[in-house]
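The values are calculated or read from the model by the stated rules, or taken from the named source; none is laboratory data. Bear in mind that the values here come from a model prediction, so they are computed numbers and not experimental data. Glycine also receives a Cβ, built like all others from the backbone with ideal geometry; neighbour counts cover every protein chain displayed.
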Amino acid sequence: MHPEWLSNAFAVADGERGTALIVDSGADPAPLVAAIDGWGAEVAAILRTHSHHDHVVHEDELRKRYGVEVIAEPGAWSFGDLRVRGLSTPGHSDDMVAFHVGDLIFTGDTLFKDAVGGGDLEQVRASVMDVFMGLPDETRVLPGHTDETTIGREREHNPFVRVWSGAEPEGTERVRVSGRDATLVVWSPDYDGKGKAWVRFDDGTDAIVGGSRVSRD
């Protein structure tokens, strides 16, 4: 995990002396390289969840080191004993792809522990509820920033998911968002400690915004 961006990069392999994959490259690559070397595994590809700088900064370095392709689109692939499904999950970015590998789902910046990514609200909602919440509860969620979680935990505890699923009502607290009057529909923790909010402005438009933009009485 990058200490400033808190963005994650991952290596996953099907066993020692097997096949490995790298997922995103925004963090220091040295621990990834050390893990892969320790496994004696051969890297087959780099999986890119999206092209924001904090997820790709070391991509060229790793691509050249291992001489592999970068996969950044939906589809299905097999690498050794690793079966990979790339799932389109737009909202935070148009090119967002989640990668399902065995019992792991790499969610990029769409689903986090207790929060979701900022961006187009309806697209984020569809990606979370139609894609991720269709996976088994025991599926391990490895997000683009900070802590690992599971689908089951997010189904039960993520404030956005609970409102979208009807388990909790929408909030009614009045707030100000960058000087505009709005209703706070959902408030959640976020990986950066500043919170994440779903707000409805008085003109009827909705948005997912960083908590630092929300003024609460």
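Below, the figures for the structure above:
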| read-out | value |
| --- | --- |
| Every pair of residues 6+ apart whose Cβ atoms lie under 9 Å, when the first sits in the stretch 164-186 and is under 15 Å from residue 121 (Cα atoms) while the second is modelled with pLDDT under 95 | 184/216 |
| Of all residues making up the stretch 1-22, the number that are in a loop (DSSP other than H, G, I, E, B) and in contact (Cβ under 8 Å) with a residue 60 or more places away in the chain | 7 |
| Residues of the stretch 98-134 that turn out to be in contact with a His (Cβ under 7 Å, 6 or more places away or on another chain) and not in a helix (DSSP H, G or I), as a count | 8 |
| Qualifying residue in the stretch 57-67 (condition: surrounded by 14 or more Cβ atoms within 10 Å (Cβ to Cβ) and closer than 21 Å to residue 141 by Cβ) | no |
| Members of the stretch 89-121 that are without any contact (Cβ under 8 Å) to a residue 40 or more places away in the chain and either touching a Pro at 6+ places or on another chain (Cβ under 7 Å) or of a type in the set (D, E, K, R) (or both) | 94, 103, 120 |
| Some residue of the stretch 139-148 being touching a residue at least 12 places away in the same chain (Cβ under 8 Å), over 21 Å from residue 100 (Cβ atoms) and surrounded by 14 or more Cβ atoms within 10 Å (Cβ to Cβ) | no |
| Candidate set: the stretch 164-217, residues that are part of a strand (DSSP E or B) and of a type in the set (Phe, Trp, Tyr); chosen: the one nearest to residue 148 (Cα to Cα) | 187 |
| Test: residue 128 is touching a helix residue (DSSP H, G or I) at 6+ places or on another chain (Cβ under 9 Å) and buried (at least 19 other Cβ atoms within 10 Å of the Cβ) | yes |
| Of the criteria (1) part of a strand (DSSP E or B); (2) touching a Lys or Arg at 6+ places or on another chain (Cβ under 9 Å); (3) closer than 30 Å to residue 195 by Cα, which one residue 46 fails | (3) |
| Subset of the stretch 166-217 (residues that are crowded, with 16+ Cβ neighbours inside 10 Å, modelled with pLDDT of 95 or more and of a type in the set (Phe, Trp, Tyr)) | 187, 198 |
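Rundown of residues vs (1) over 14 Å from residue 142 (Cα atoms); (2) buried (at least 19 other Cβ atoms within 10 Å of the Cβ), yes/no style:
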| position | (1), (2) |
| --- | --- |
| 13 | yes, yes |
| 16 | yes, no |
| 26 | yes, yes |
| 47 | no, yes |
| 50 | yes, yes |
